[in-house]
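The values are calculated or read from the model by the stated rules, or taken from the named source; none is laboratory data. Just so it is clear, the model here is predicted, and its values are computed rather than measured. For neighbour counting, all protein chains shown are included, and Cβ atoms are generated from backbone atoms with ideal geometry for every residue, glycine included. In case anyone asks, the SASA skips ligands and DNA or RNA and just uses the protein heavy atoms, side chains included. Shrake-Rupley method; radii C 1.70, N 1.55, O 1.52, S 1.80 Å.
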Amino acid sequence: MAKLAILIDPDKPALPLAQRVEKLRSLGLTPDFVFLGGSTGALTSTAIFDEAAALHLPVWLFPGNVTQLSPRADALLLPIVISGRNAEMLIGRHVAAAQQIQALHIPVYPMGYILVDGGTTSSVQQVSQTRPIPREDIETIVNTALAGEQLGQQYTYLEAGSGAKIPIPAELIAAVRKTVHTQLIVGGGIRTKTLVEQAWQAGADIVVIGNALE
C-alpha cells in the first residue's frame, strides 16, 4: 500500500507538525509516518515525538549523524550512501555509531541511499562528498539499487536532494521497482499532489515530502 512520509529536518525551522498534516489533508493526502533527520543538524528537542504521538503518527529516524538518534523513535532507517564511494558513508560512520544504535532498542532497517541529480547541489551531496548519479543513467541507478538489495538492504531510497528542482522521474522509479523487491522510498523536489501520485503509480512504496510543506 502506497504511503506518505513527512520529513522533519532538526536543523531547519519548521511549521508545527499539526499544521503540516493539515496542509496535506487539505490536498486530500494523509501522512503515514514522520521521518526525522537531516544532513547536519543535531536533535536538540524531543517535542516532535510528543506532537507525532498526539497525531498517532509513528516517527522513524532518518539520521545524518549520531546526534540525531533517540530511543523515543519507533524505528530507524539506517542510510548507506551506495550511490557514492565515500567509505565513511558506506561503513565508517556506521561502525562509529553501532553501539549507540544498539542501545536504542528499536527496529533498525538498512537502507540503500541513492542520490540522483535533482538539478541543484544538495546538502546531502556536500556533506557526503559524493556526486549524484545523472537521472538519465537509469542502468547505473537500477544496478546500484539491485546491488544494495543483494547486500541485504531492506529499503531503497531514490533521493533527488533537499530543494531539488527536478524530482525523480517516473520512468526511473518504474525501472527500479521492476528490478528490486525492497521497499522503495522516493523523495526530493516533490511539491504537488500530482507528483506524489505519479511517484506512487510508478511504484514508490513511500513518498517523502519535506521542503514543500515549508
| request: State which residue is surrounded by the most Cβ atoms within 10 Å (Cβ to Cβ) when the search covers only the stretch 4-30 and only residues that are in contact with a strand residue (DSSP E or B) (Cβ under 8 Å, 6 or more places away or on another chain), touching a residue at least 40 places away in the same chain (Cβ under 8 Å) and assigned to a loop (DSSP other than H, G, I, E, B). | output: P10
| task | Would you confirm whether any residue within the stretch 71-91 is hydroxyl-bearing (S, T, Y), over 23 Å from E197 (Cα atoms), at pLDDT below 95 and in contact with a helix residue (DSSP H, G or I) (Cβ under 7 Å, 6 or more places away or on another chain)? | result | no
| note | Reported set for the stretch 69-105 where residues are buried (at least 17 other Cβ atoms within 10 Å of the Cβ), touching a strand residue (DSSP E or B) at 6+ places or on another chain (Cβ under 6 Å), part of a loop (DSSP other than H, G, I, E, B) and not hydroxyl-bearing (S, T, Y) is A73, I82
| task | Assess whether Y113 counts as being touching a Phe, Trp or Tyr at 6+ places or on another chain (Cβ under 9 Å) and either open to solvent by 20 Å² or more (accessible area, probe 1.4 Å) or without any contact (Cβ under 8 Å) to a residue 24 or more places away in the chain (or both). | result | no
| Has the stretch 134-156 got at least one residue that is more than 18 Å from I185 (Cβ to Cβ) and basic (K, R)? | no
| remark: Note on the stretch 138-152: residues under 18 Å from V116 (Cα atoms) and open to solvent by less than 60 Å² (accessible area, probe 1.4 Å) are I138, T140, I141, V142, T144, A145, L146, A147, G148, E149
| message | Need pairs with beta-carbon distance below 7 Å; first residue at positive phi and within the stretch 191-206, second at pLDDT 95 or above; sequence gap 6+ or separate chains. | response | G203/I173; G203/A174; G203/R177; G203/L184
| field | Scan of the stretch 176-194 for residues that are surrounded by 18 or more Cβ atoms within 10 Å (Cβ to Cβ) and either part of a helix (DSSP H, G or I) or touching a helix residue (DSSP H, G or I) at 6+ places or on another chain (Cβ under 7 Å) (or both), ordered by number | value | V176, R177, V180, T182, L184, V186, I190
| Restricting attention to the stretch 32-56, which residues are free of Cβ contacts under 8 Å to residues at least 60 places away in the same chain, over 13 Å from R72 (Cβ atoms) and surrounded by 21 or more Cβ atoms within 10 Å (Cβ to Cβ)? | G37
| note | Pairs returned, first residue in the stretch 70-98 that is hydroxyl-bearing (S, T, Y), second residue that is surrounded by fewer than 15 Cβ atoms within 10 Å (Cβ to Cβ) and part of a loop (DSSP other than H, G, I, E, B), beta-carbon separation under 7 angstrom, 6 or more apart or interchain, are S70/T46
| note | Checked the stretch 195-214 for anything under 19 Å from G163 (Cα atoms), not in a helix (DSSP H, G or I) and not aliphatic (A, V, I, L, M); matches are G210, E214
| said: I need every pair where a residue in the stretch 163-182 that is closer than 14 Å to A147 by Cα has its Cβ under 7 Å from the Cβ of a residue that is open to solvent by 40 Å² or more (accessible area, probe 1.4 Å) and assigned to a loop (DSSP other than H, G, I, E, B), sequence separation at least 6 or different chains. | reply: T182/Q154
